[in-house]
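The values are calculated or read from the model by the stated rules, or taken from the named source; none is laboratory data. Keep in mind that what you see is a predicted model, and the values were worked out from it rather than measured. Note that each Cβ is placed from the backbone with ideal geometry, even for glycine, and that neighbours are counted across all protein chains shown.
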Amino acid sequence: MKLLFAALLAVLAGCQPQPPASPAAGAAASTSTPSADAQNGRATADGEARIAALEKKVDALQERIQELTPEVGVLMGQVRTEHAKLYYAGEAHNWELADYFLEELNEALQAVQTYNDHFEDFPTPLSELVPQLVGPSLGELHQAIRAKDPKRFASAYQSLTAACNACHAALKRPFIHVQPPAHQEFFNQRFDSGAMPSS
């Protein structure tokens with residue numbers, strides 16, 4: 001019974017209303033000091049200055065990126081080189097080397113799409129146009145090389161060359177017309193699969 005009475009007293013004590021806070025205390029809590037206002041102002045100014053400095057650095061980096069981005073003509077020159085070397089390796093039935101140059105050709109085309117995806121005022125990104133026009137021929141070449149089939153390789157290579165010219169025409173550059181190499185132009189590289197002479 002004593003325990004029950006003690007618990008009841010504790011509950012009643014907890015329900016006692018608390019005295020209201022004094023107006024002076026509320027005013028002190030809601031009003032900042034002049035020194036605090038000055039500190040906040042300096043922090044805001046410092047933050048704005050840092051943002052402006054960062055924006056300036058970003059602008060400078062963007063300009064530098066533009067300067068370092070290779071032009072389409074430079075990248076397409078690499079595509080032309082891999083296109084020719086792929087032909088020589090296939091004609092020599094050096095399938096391992098042909099597979100290597102096909103991969104290099106893919107990488108060169110990817111670089112064109114990466115660095116010049118939006119070509120001048122052409123509405124379609126190159127990352128959509130190139131796979132659409134050239135992708136099927138690259139797949140045919142891959143299958144021909146895996147099969148080590150010379151006739152299939154020759155047909156796929158002609159298809160690739162036609163696709164390249166179709167891409168040039170779509171980009172309003174029909175005067176850039178590629179073709180299979182008419183003669184060997186890389187005399188410092190061996191394209192057959194024979195053993196290289198020992199040093």
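Listing for the model above:
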{"item": "Only one of HIS177, HIS118 that is part of a loop (DSSP other than H, G, I, E, B), modelled with pLDDT of 95 or more and closer than 30 Å to GLN66 by Cα", "result": "HIS177"}
{"item": "Scope the stretch 51-103; condition within 30 Å of ALA147 (Cα to Cα), out of contact with any helix residue (DSSP H, G or I) (no Cβ under 7 Å at 6 or more places or on another chain) and in a helix (DSSP H, G or I); matching residues", "result": "GLY77, ARG80, THR81, ALA84, TYR88, GLU91, GLU96, TYR100, GLU103"}
{"item": "Selected residue [surrounded by 15 or more Cβ atoms within 10 Å (Cβ to Cβ), more than 30 Å from ARG64 (Cβ to Cβ), of a type in the set (A, V, I, L, M, F, W, C) and touching a Gly at 6+ places or on another chain (Cβ under 6 Å)] from ALA156, ALA92, ALA98", "result": "ALA98"}
{"item": "Where ALA166 falls short, out of the listed (1) touching a Cys at 6+ places or on another chain (Cβ under 9 Å); (2) farther than 17 Å from LEU75 by Cα", "result": "(1)"}
{"item": "Count of the stretch 152-174 residues which are in a helix (DSSP H, G or I) and farther than 17 Å from LEU97 by Cα", "result": "14"}
{"item": "Only listed residue being touching a residue at least 40 places away in the same chain (Cβ under 8 Å), among the β-branched types (Val, Ile, Thr) and in a helix (DSSP H, G or I), chosen from VAL112, VAL130, VAL134", "result": "VAL112"}
{"item": "Any hit, the stretch 140-150, residues being on the phi > 0 side of the Ramachandran plot and modelled with pLDDT of 95 or more", "result": "yes"}
{"item": "Residue in the stretch 38-83 that is surrounded by the most Cβ atoms within 10 Å (Cβ to Cβ), counting only those that are under 27 Å from the mean Cα position of the chain (by Cα) and hydroxyl-bearing (Ser, Thr, Tyr)", "result": "THR81"}
{"item": "Subset tally (residues that are of a type in the set (Asp, Glu) and under 26 Å from ALA182 (Cα atoms)) for the stretch 91-123", "result": "6"}
{"item": "Failed item, numbered, when GLU185 is tested on (1) closer than 13 Å to LEU86 by Cα; (2) in a helix (DSSP H, G or I); (3) among the charged types (D, E, K, R)", "result": "(2)"}
{"item": "Condition met for GLU120 (surrounded by fewer than 13 Cβ atoms within 10 Å (Cβ to Cβ), at positive phi and either in contact with a helix residue (DSSP H, G or I) (Cβ under 9 Å, 6 or more places away or on another chain) or of a type in the set (Asp, Glu) (or both))", "result": "yes"}
